[in-house]
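> A single structure is presented below for examination.
The values are calculated or read from the model by the stated rules, or taken from the named source; none is laboratory data. A quick note: this is a predicted structure, and the numbers were derived from the prediction, not measured. All Cβ positions, even for glycine, are placed from backbone atoms using ideal geometry, and neighbour counts span all protein chains on display.
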Amino acid sequence: MPRIARFERYGFGLFLHWGLYSLLGQGEWVQHFRQMSVSEYERLAEDFRAKEFDAAAIARLAREAGARYVVFTTRHHDGFSLYDTRGLSDFDAPHSAAGRDLVAEFVEACRSEGLSPFLYHTTLDWRWNSADCDERQFNDYLDYVNASVEILCRNYGEIGGLWFDGNWSRKQADWQEDRLYAMIRKHQPEAMIINNTGMGARGRTGHPELDSTTFEQDLPVAPNRAGWPKYLAGEMCETMNGHWGVGNEDFRFKSPAEVIEHLCACRRIGANYLLNVGPTASGRIPDYEAAVLRLAGQWIQRTGRVIYDARPLETGCVGRDFVLQGDGAYYYFAFDLSRRGDAHVVTRGGGNGLRPVEGLPRRIRAARWIDNGETARFAQSPDAALFVLHCLGYDYGSDLVVRVAELIPED
């Protein structure tokens, strides 16, 4: 399907978890774990001013990071909506101290930067006690969810996709997905529909209208698509530290190197990498996360379009190395290269190494490193069954974490 093929070419996305919980700075589940009453939590809306929420600046950062789509929490499990619910509820951003429709700002900013806006919407709602309420109230709640999502589908122009989360909270329930997804297809026929299966069911397929499997907080595995009713994309989503919403005292951040490696691991099997940041209470992207995103963007720029357009190729490589296939070329991703230099200065000396590849479809006539255009040395068997790339370590002063070589096949 065109929408799924387009989504797979996005490759890298930015996830934004932001809401009333950000005021407390203890993650997006703080209401639940603190056992805050609905009335106590509601009062946070009086202090939710979004003074530093600059959707245009966030969209520019996402573009600089190399992301091609952004997923925004229009409503999380606390039930607070960042969009105008048009009378369904007054527990939304326009009725808060912010007095603004923040989703409208987000969608406009994404379009201005050439990004595809995706709208996250919870299906678990603590205000409704949706995980434990009786069947009658649950059906009323599903009416509310359907009406809420229809507002998003009808009032913000064409959107890239809807990203749902929470069906795992009531596993045996009839979530009336037929009705919800049919309504989305009516208003947004080209939108991706994704429903997070949670950490307990990573990679599981579900309703036939869904367009992607999800891998929450773990690297994806190559799918066996035999027997699937249709081709599905794959997507890994993960946090920058240990929380989705901002955690002011959570210092266990991923390094830029980890982000680059995880992006590559996703693209190895054709899955997208959706990396989350939690804006501050006032709506600003924290400095460290912004710096990591920009460094990831610098790495992506060095690979050209490879990280977006090249597709998986089944080959035998050493370690974490792999090969992707693009138009008229193969691309070898080399991990764990050392830096070259004096052993008194460089802690990872050396760096020379032969990296064999089994199963390339064609013989190679030329190879070069994409980051600097240098010729890459190689050898190969006459029948192309074995190809060996000569990988030198990084020159002193550089370390790209993962280096990509373009392999040009013979005619």
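> Suppose we filter the range 231-288 for residues that are closer than 27 Å to G200 by Cβ, in a helix (DSSP H, G or I) and not hydrophobic (A, V, I, L, M, F, W, C); how many remain?
5
> To continue, here is another question. Surrounded by 15 or more Cβ atoms within 10 Å (Cβ to Cβ), under 15 Å from V71 (Cβ atoms) and of a type outside the set (S, T, N, Q), is that true of F106?
In short, yes.
> So, one more: Go over the candidates R267, R305, R294, R225 one by one and state the one that is closer than 18 Å to V70 by Cβ and among the basic types (K, R). Give the derivation first.
Values: R267 fails: closer than 18 Å to V70 by Cβ; R305 fails: closer than 18 Å to V70 by Cβ; R225 fails: closer than 18 Å to V70 by Cβ.
The match here is R294.
> Just for the range 289-313: of the residues that are outside any helix (DSSP H, G or I) and at pLDDT 95 or above, which one is farthest from E8 (Cα to Cα)?
Step by step, filter the range 289-313, then rank; the result is L313.
> In addition: For L210, indicate whether it is out of contact with any strand residue (DSSP E or B) (no Cβ under 6 Å at 6 or more places or on another chain) and either farther than 17 Å from V71 by Cα or of a type outside the set (V, I, T) (or both).
no
> When only residues in the range 16-35 that are outside any helix (DSSP H, G or I) and in contact with a Leu (Cβ under 9 Å, 6 or more places away or on another chain) count, which is surrounded by the fewest Cβ atoms within 10 Å (Cβ to Cβ)?
L24
> Which residue out of A366, A379 is of a type in the set (A, V, I, L, M) and without any contact (Cβ under 8 Å) to a residue 24 or more places away in the chain? Steps first, answer last, please.
On the way: A366 fails: without any contact (Cβ under 8 Å) to a residue 24 or more places away in the chain.
Result of the check over A366, A379: A379.
> Select from the range 272-304 the residues that are of a type in the set (F, W, Y) and crowded, with 16+ Cβ neighbours inside 10 Å and write down the one among them that is farthest from the chain's Cα centre (by Cα).
The selected residue is W299.
> Filter the range 44-60 for residues that are closer than 12 Å to C110 by Cβ and of a type in the set (A, V, I, L, M) and give the result.
Correct list: A55, A56, I58, A59.
> Got a sec? Which of R136, R154 is out of contact with any helix residue (DSSP H, G or I) (no Cβ under 9 Å at 6 or more places or on another chain) and either in the same structural domain as N272 (by TED's automatic domain parsing) or within 18 Å of A182 (Cα to Cα) (or both)?
R136
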